[in-house]
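Here's the structure, in structure tokens; my notes come after.
Readers should treat all values here as calculations from the given coordinates under stated rules, not as data from a laboratory. Since the structure is predicted, the reported quantities are computational estimates derived from the model, not experimental observations. Ideal geometry is used to build each Cβ from the backbone, glycine not excepted, and the neighbour counts take in all protein chains shown.
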Amino acid sequence: MDLTEQTLNQSYVHRGRIINVRVDDVRLPNGKQADREVVEHNGGVCVAALTDDKEIYFVRQFRYPYHQVLPEIPAGKLEKGEDPLVCGKRELSEETGMEADHYRFLGELYPSPGYCAEIIYMYLATGLHKKEQHLDEDEFLEVEKIPLDRAVEMILNNEITDAKTQTAVLKVKLLEEKAKL
């Protein structure tokens, strides 16, 4: 069965600095029509920076939609057309002051594919060395290192609720376990 939906029309209801919102008229596989609400976003990058002592760098920052301070791995928005690795290196450096000798691509994450077109590119960074943190003017955060095993516990205990962080940390843990086999 062909599950593809055909776009018939697109209408933008909001064009913003970070997101655009549109409503698409689509033809369903059964021939009927429906609306699809879509949030457009340039995408982002997150970096699980792992120390030689198996600790991961986290940042804690206030996330307005949830009105909470959340623990997350360093991350940031992609500029239009920007290479994800370049963005990841920049964000790791800006937020933590760390640079890495090695980066490994961990895959893509679709945060909420039912309505959002954002793609988050995930990386593992190793061979870390300290440089200088340089936050954006509107960025306020605290940096901490959390042992990898403790971070996994925190995910399982719902203390880390951010999807990109959960996914990247669990992938790093699985890769670490495979290397031991």
In the range 101-140, residue farthest from Leu170 (Cα to Cα) [restricted to those that are of a type in the set (Phe, Trp, Tyr) and under 17 Å from the mean Cα position of the chain (by Cα)]: Tyr115
Within the range 33-81, tally of residues that are within 30 Å of Gln10 (Cα to Cα), among the aromatic types (Phe, Trp, Tyr) and assigned to a strand (DSSP E or B): 0
Looking only at the range 153-174, and only at residues there that are aliphatic (A, V, I, L, M) and over 17 Å from the mean Cα position of the chain (by Cα), the one that is nearest to Thr51 (Cα to Cα): Leu174
Qualifying residue in the range 97-105 (condition: of a type in the set (A, V, I, L, M, F, W, C) and closer than 23 Å to Asp138 by Cα): yes
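Of the residues in the range 143-163, how many are assigned to a helix (DSSP H, G or I) and touching a Lys or Arg at 6+ places or on another chain (Cβ under 7 Å)?
Total meeting the criteria: 2.
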Breaking point among (1) among the hydrophobic types (A, V, I, L, M, F, W, C); (2) part of a strand (DSSP E or B); (3) farther than 12 Å from Cys46 by Cα, for Phe140: (2)
Only one of Gly44, Gly97 that is under 13 Å from the mean Cα position of the chain (by Cα) and surrounded by 11 or more Cβ atoms within 10 Å (Cβ to Cβ): Gly44
